[in-house]
């Protein structure tokens, strides 16, 4: 890591990250999307300020984070606030070097819209159909 990259977040006392396959439905910590059984997700546990923290992140949000990390030299983010933090990182990068980051903001927003659309489609398809009142 270069000296130009500094994140103002406290580091955890321990941090354990694993990719798991869901046995039951979960909710993504970042986008509040549904993680269905047999889907892969990131399971993170850590100890922050004497408290155990557990986060379950869907594969779409993990892919978004990976994409931003691959396109920016320094990315600062925190669990539970990842989308806002990544958005801020992209905004800062496009502000500082607009010529070098052409298309970065568009690519990020395109991926954010895809996540929101996926979650909307999944939630609406999971809603039970209403029975008619007979009227």
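Residues of segment 48-61 that are surrounded by fewer than 16 Cβ atoms within 10 Å (Cβ to Cβ) and assigned to a strand (DSSP E or B): 51, 52, 53, 54.
Here 45, 98 are screened, and the one residue that is surrounded by 11 or more Cβ atoms within 10 Å (Cβ to Cβ), farther than 22 Å from residue 125 by Cα and either under 16 Å from the mean Cα position of the chain (by Cα) or modelled with pLDDT of 95 or more (or both) is 45. The test for being over 20 Å from residue 35 (Cβ atoms) and either touching a strand residue (DSSP E or B) at 6+ places or on another chain (Cβ under 7 Å) or part of a loop (DSSP other than H, G, I, E, B) (or both) does not hold for residue 93. For residue 65, indicate whether it is at pLDDT 95 or above, in a helix (DSSP H, G or I) and within 24 Å of residue 7 (Cα to Cα). In short, yes. Evaluate the following for residue 11: is it over 13 Å from the mean Cα position of the chain (by Cα) and closer than 26 Å to residue 93 by Cβ? So residue 11 passes the test. When segment 1-33 is filtered for residues that are in a strand (DSSP E or B) and modelled with pLDDT of 95 or more, the ones remaining, listed by number, are 16, 17, 18, 19, 20, 21, 26, 27. Residues that are in contact (Cβ under 8 Å) with a residue 60 or more places away in the chain and surrounded by fewer than 19 Cβ atoms within 10 Å (Cβ to Cβ) do occur in segment 8-25. Annotation note: of 38, 20, the sole residue that is at positive phi and in contact with a strand residue (DSSP E or B) (Cβ under 8 Å, 6 or more places away or on another chain) is 38.
All conditions but one from (1) outside any strand (DSSP E or B); (2) at pLDDT below 95 apply to residue 83; the one that does not is (2).
The values are calculated or read from the model by the stated rules, or taken from the named source; none is laboratory data. Predicted model, so just to flag it, every value in this text is computed and none were measured. Every residue, glycine among them, receives a Cβ derived from its backbone with ideal geometry; neighbour counts consider all protein chains shown.
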